[in-house]
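Trainee: Just dropping this structure here.
The values are calculated or read from the model by the stated rules, or taken from the named source; none is laboratory data. Not measured: the values here are computed from a predicted model. So basically every Cβ, Gly included, is an ideal-geometry build from the backbone, and we count neighbours across all protein chains shown. We work out accessible area using only protein heavy atoms, side chains counted, and drop any ligands, DNA or RNA first. Shrake-Rupley method; radii C 1.70, N 1.55, O 1.52, S 1.80 Å.
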Amino acid sequence: MDSRQKVVKNIGVLTSGGDAPGMNAAIRAVVRAGSYYGFRIFGIRRGFHGFLKGEIAELNNRDVSEKLQRGGTFLQTARSESFNTEEGVRKAVQMAKTFELDAVIVIGGDGSFRGARDLSRLGLPVIGIPGTIDNDIQCSGYTIGYDTAMNTAMEAIDKLRDTASSHERCSIIEVMGRHAGYIALNVAISCGAEVVLIPEIPFNIDKDLIKPLFEAKNRGKKHYIVIVAEGVGDTMKLAELIQERTGIDSRATILGHLQRGGSPSTRDRQMASYMAIHAIECLRDGRLNRIVAYKGGKVLDLDIEEALTATKTITREELDRAMILSL
Ligand code: F6P
């Protein structure tokens, strides 16, 4: 056994923020890779919320059987307000001492990573694994759950197109993404949408919505697909506006939380597994306070303080380029 391994023996694992398909695959891989390298793994229930309440129990390899293919997170998750306070963070560090946890792996989004960073500043070593359907973790090109959520949305939109086409209607579909348009943009490409609206890029109703729909009609299209990211605004009102301004019969559908559920795709199972193995290997090698990220086709790890200063966004060029096939 490597001498550095003695520093960390007991590892806690929790899921936090919105759940994402593939989180179970990540927990399973943490437990099994952890066991392979000689660590003891403890599941922390209900995210940071359960951490503060001491909802912590050891997980063995059999506890994670039959979890790989399941959506959601069997450890459950929460959005914890009290964790945002200094007192909450101190309490969690104390709880880690009580349960003899030497490090904690946090599977979640940027908000959860800020919580993890606060723990690390008080001396509890952490590793973050990116998990959110929105793909909006700034330091990583991929987040667990994104592929499954896009496939779920794509299948629903293919169905909506059938009926829109039969009735020569416009189907306005809201996909998830309060602050990020990654799902909207790439689902729009996958579904051949006429228009996509995302929170990152300001849009003009006439130029970016109404005119492209008239142009599509004049080109002889029989249906019109408009994808709207959740963060853009009131999708129902947009549908009314489209009908009023274009005369095209329009219907709105909000896909909502169904995008968060379901059995993870092969991509999400693989990414979750590789990222979790990497997280355990960071702890094995004494690389503490890291965020596991996907960059340039590789799973790697970044210093948590630096990772939280990273930025990524969708540019106007990317958006325009995605729309050139909607002719
Ligand atoms: O987890 C990300 C996300 O699904 C966003 O796309 C969405 O805006 C938000 O979570 C919804 O959160 P909640 O489940 O708390 O309603």
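Trainee: Determine the relative contact order of the chain: mean sequence separation of Cα pairs under 8 Å and six or more apart, normalised by residue count, in whole percent. All intermediate terms of the calculation are to be shown ahead of the outcome.
Mentor: Details: 715 pairs, mean separation 74.2, N = 327.
Dividing the mean separation by the residue count of the chain yields 23 percent.
Trainee: Looking at the square roots a ≥ b ≥ c of the eigenvalues of the Cα gyration tensor of region 4-96, which shape do they give, rounded for a/c under 1.5, prolate if a/b is larger than b/c, or oblate? Can you show the working numbers first?
Mentor: On the way: a/c = 2.42, a/b = 1.20, b/c = 2.01.
It is oblate, given that a/c is not under 1.5 and a/b is not larger than b/c.
Trainee: Students often get this wrong, so check it: of LYS9/LYS312; LYS159/LYS295; LYS159/LYS237; LYS159/LYS221, which have C-alpha atoms separated by over 27 Å? Mind showing how you got there, number by number?
Mentor: Numbers: LYS9/LYS312 35 Å; LYS159/LYS295 34 Å; LYS159/LYS237 22 Å; LYS159/LYS221 17 Å.
Pairs exceeding the cut-off: LYS9/LYS312; LYS159/LYS295.
Trainee: Right, next: Helix 146-167 versus the longest principal axis of the chain: what is the Cα-based angle in degrees, 0 to 90, to the nearest 10?
Mentor: Taking Cα atoms only, the helix is inclined about 20 degrees.
Trainee: Could you compute the longest span of the chain free of GluC sites (Glu not before Pro) located in DSSP loops and having at most 15 other Cβ atoms within 10 Å, not counting the site residues?
Mentor: Numbers: sites that count: GLU66, GLU81, GLU100, GLU168.
By the stated rule (loop sites, at most 15 other Cβ atoms within 10 Å), 169-327.
Trainee: Would you work out if region 163-322 is rounded, prolate or oblate? Take a ≥ b ≥ c from the square roots of the eigenvalues of the alpha-carbon gyration tensor; rounded if a/c is under 1.5, else prolate when a/b is larger than b/c, oblate otherwise. Working shown, then result.
Mentor: On the way: a/c = 2.96, a/b = 2.34, b/c = 1.26.
Here region 163-322 falls in the prolate category.
Trainee: Using the heavy atoms of the protein chains and a 1.4 angstrom probe, tell me the accessible area per residue for region 147-260 in square angstrom.
Mentor: Values: 5160 Å² over 114 residues.
Computed with neighbouring chains in place, this is 45 Å² per residue.
Trainee: Net charge around LYS53, counting only other residues with Cβ within less than 10 Å of its Cβ (Lys, Arg = +1; Asp, Glu = -1)?
Mentor: On the way: positive: ARG45, ARG46, LYS91; negative: GLU55.
Net charge around LYS53: +2.
Trainee: Suppose every K and R has +1 on its Cβ and every D and E has -1 on its Cβ; what is the size of the dipole of the chain about the Cα centre, in Debye to the nearest 20?
Mentor: Numbers: 43 positive and 41 negative charges, 154 e Å.
That gives a dipole near 740 debye.
Trainee: For region 23-159, what is the charge dipole size about the Cα centre, in debye to the nearest 20, if Lys and Arg each add +1 at the Cβ and Asp and Glu each add -1 at the Cβ?
Mentor: Details: 17 positive and 16 negative charges, 82 e Å.
Around 400 debye, computed over region 23-159.
Trainee: Same structure again: Between ALA188, VAL292, VAL226, whose Cα lies farthest towards the positive end of the dipole of the chain when Lys and Arg beta carbons carry +1 and Asp and Glu beta carbons carry -1, centred on the Cα centre?
Mentor: Highest projection toward the positive end goes to VAL292.
Trainee: Can I ask one more? Below 12 angstrom from the Cβ of ALA180, what's the summed charge of the other residues (Lys, Arg +1; Asp, Glu -1)?
Mentor: Working: positive: ARG178, LYS312; negative: ASP110, ASP134, ASP136, GLU200, GLU230.
Once positives and negatives cancel, what remains is -3.
Trainee: Whenever you get a sec, compute what percent of the accessible area on the chain sits on carbon and sulfur atoms (1.4 Å probe). Don't skip to the answer; put the middle values down first.
Mentor: Values: 7060 of 14570 Å².
Here it works out to 48 percent.
Trainee: Could you tell me which residue out of GLY109, GLY34, HIS257 lies farthest along the dipole of the chain toward its positive end? Charges go on the beta carbon: Lys and Arg +1, Asp and Glu -1, centred on the Cα centre.
Mentor: It is GLY34, whose Cα lies furthest towards the positive end.
Trainee: Go ahead and set up a Gaussian network model of the chain, Cα springs under 10 Å, then flag whichever of VAL31, VAL299, VAL13 fluctuates most.
Mentor: Maximum fluctuation in the GNM of the chain, among the listed residues, is at VAL299.
Trainee: Under the classification rounded if a/c is under 1.5, otherwise prolate if a/b is larger than b/c and oblate if not, where does region 229-299 fall, given a ≥ b ≥ c as square roots of the Cα gyration tensor eigenvalues?
Mentor: prolate
Trainee: Hey, another quick one. Expressed in whole Å with the largest first, what are the equivalent ellipsoid semi-axes of the chain derived from the C-alpha gyration tensor as the square root of 5 times each eigenvalue? Can you show the working numbers first?
Mentor: Values: eigenvalues 356, 64, 56 Å².
Largest first, the chain gives 42, 18, 17 Å.
Trainee: Using Cα springs under 10 Å in a Gaussian network model of the chain, which residue among MET236, MET271, MET150 shows the largest mean-square fluctuation?
Mentor: With Cα springs under 10 Å in the chain, the top fluctuation among MET236, MET271, MET150 is at MET236.
Trainee: Could you sort LEU302, LEU197 by accessible area so the largest value comes first, with the probe set to 1.4 Å? If you can, show how the numbers build up before the last one.
Mentor: Numbers: LEU302 45, LEU197 5 Å².
Ranked list, largest accessible area first: LEU302, LEU197.
Trainee: In degrees, nearest 10, range 0 to 90: what is the angle between the Cα axis of helix 23-36 and the longest Cα principal axis of the chain?
Mentor: Tilt relative to the chain: about 30 degrees.
Trainee: Continuing with the same structure: Would you kindly find the accessible area of THR85, with a 1.4 Å probe and non-protein molecules such as ligands, DNA and RNA excluded, rounding to the nearest 10 Å²?
Mentor: 70
Trainee: What net charge is computed for the residues neighbouring GLU215, neighbours being all others with C-beta under 13 Å from the C-beta of GLU215, Lys and Arg scored +1, Asp and Glu -1? It would help to have the intermediate numbers written out before the result.
Mentor: On the way: positive: LYS207, LYS211, LYS217, ARG219, LYS221; negative: GLU194, ASP206, ASP208.
Cβ neighbours under 13 Å give a net charge of +2.
Trainee: Relative to the longest principal axis of the chain, what angle (0 to 90°, nearest 10) does the C-alpha long axis of helix 86-98 take?
Mentor: With rounding to tens, the tilt is 50 degrees.
Trainee: Then there is this: So which aspartates and glutamates pass the test for LYS97, namely a Cα distance under 18 Å, with those fewer than 8 places away in the same chain ruled out?
Mentor: Result set, ordered by chain and number: GLU55, GLU58, GLU86, GLU87, ASP118.
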